[in-house]
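Comments concern the structure below.
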Amino acid sequence: MPRKQAKTTEGAQPADGPIQFLSPEGVLGPDSRLELPSAIDLPALYRDMALVRRLDSEAIALQRQGELGLWPSLRGQEAAQVGAAYALAEQDMVFPTYREHGVAWCRGLDPVSLLGLFRGSTLGGWNPYERRFNLYTLVIGAQTLHGVGYAMGLVRDDVIGSGDDTRDTAVLVFLGDGALSEGETNEAFLWAAVQNLPVVFFCQNNQWAISAPYSVQSRVPVAQRAAGFGFPGVPVDGNDVLACLAATRAALARARSGSGPTLIEAVTYRINAHTTADDATRYRPSAETDEWMAKDPLERLRLHLTASGEVDEEYFADIERREQELAVHLRAGCRSLPAPDNASPFENTYTDMPAELRRQLAEHAEFLASGQEIGATR
């Protein structure tokens, strides 16, 4: 479907609070703090958010059926992830946490490869450089330093600030509000600032770091924290896919030009529990969840598309068909993932296996061949 110029129908948003273009009622309007992108494929944005939500719900079902050990849901954060992903240039590099299923989808990863990590059959299951999407990071905040290190390499490779849109490269690092309390994250902010690195930190402030609300982690909003390190902080409505796209596009362009880092705060909400091992009803009031469900990122874009006449019922029917196809692919793909080879922990530890590890691998293989049970007296 061809891209269309987004049409605004309301006055500018007030210059306080997060930047917003698309209201919960589906009304599109300008915001004086940021320019709305001129060419936006709204139907494609909705399609990808809908498919990512189905990916998420199917993965939860697979976990409940015993096919996955764990699953971290992204429900409610689809607009933040898809919007940010649409802002990436092909050469940009992404450093995710363990919840960026929407970004992985938009980067072209087969979602079955995501399931492998939570099934225990792979350590990641994809080549980070093929899709410019690094492996999921389970250690909270660690990916911020990984992304900053990669950005240092970009500076040394002289691939920023040339003005060539096909060459200049930026790094997009995802983190949650809980990661702001980690030392690695603050160290990453410091290095990015003092070395003026081409990195954008995209914080999905989903209000809760497992059972800890953001109010017990900081006295100031997320975006304000950037000022202490000397670079801009931009708050956006994380349930508005257009605001997330526009803010990330501008920040990445700034990074590629050599103007340094930016912190984006996407104010959103984690509708489901932290993971399938968590019970959010023990610490989170249901009224709060209900309030945020009324700001659903998919529903507001659906309302706008329907009201504007950009799509018809066949469009939504086609998305439902795609969702069903995706569900079938995920179920079959998950159950067909091969069990990891017993040697894989040894083989994937070093590029060149040292002699001592080769000895341990041989001993391990001998033990397995003997048929003894683990823990049995030898």
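A compact table of results
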| quantity | calculated |
| --- | --- |
| Size descriptor, Kirkwood hydrodynamic radius, that averages inverse alpha-carbon separations across the stretch 73-192, Å | 15.0 Å |
| Length-normalised contact order of the chain in % [C-alpha pairs under 8 Å, at least 6 apart] | 22 percent |
| Positive-end extreme of charge dipole, the chain - chosen from Pro340, Gly125, Thr351 (charges on Cβ) | Thr351 |
| Mean accessible surface per residue for the chain, computed with a 1.4 Å probe while every protein chain stays in place, in Å² | 46 Å² |
| Relative contact order for the stretch 23-174, counting Cα pairs under 8 Å that sit 6 or more residues apart, in percent | 23 percent |
| Protection proxy ranking of 28-34, 44-50 - average other beta-carbon atoms within 10 Å, highest first | 44-50, 28-34 |
| Candidates Asp168, Asp296, Asp158: whichever shows maximal mean-square fluctuation once the chain is modelled as a Gaussian network with Cα springs under 10 Å | Asp158 |
| Most to least packed among 90-100, 275-285 [average Cβ atoms within 10 Å] | 90-100, 275-285 |
| Share of carbon and sulfur in the accessible heavy-atom surface of the chain [1.4 Å probe, %] | 51 percent |
| Rounded D (µm²/s) - the chain, Kirkwood Rh over Cα pairs, Stokes-Einstein at 25 °C, 0.890 mPa s | 112 µm²/s |
| Simple label model, 7 Å out from Cα along Cβ direction - Glu313 to Ala253, nm | 4.1 nm |
| Rel. contact order, % - alpha carbon contacts under 8 angstrom, at least six apart, the stretch 34-112 | 33 percent |
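The values are calculated or read from the model by the stated rules, or taken from the named source; none is laboratory data. Computed from a prediction, not measured in an experiment: that's the story for all the values here. Counting neighbours? That spans all protein chains shown, and the Cβs are built from the backbone with ideal geometry, glycine included. Remember, those area values only see protein heavy atoms, side chains included, never the ligands or the DNA or RNA. Shrake-Rupley method; radii C 1.70, N 1.55, O 1.52, S 1.80 Å.
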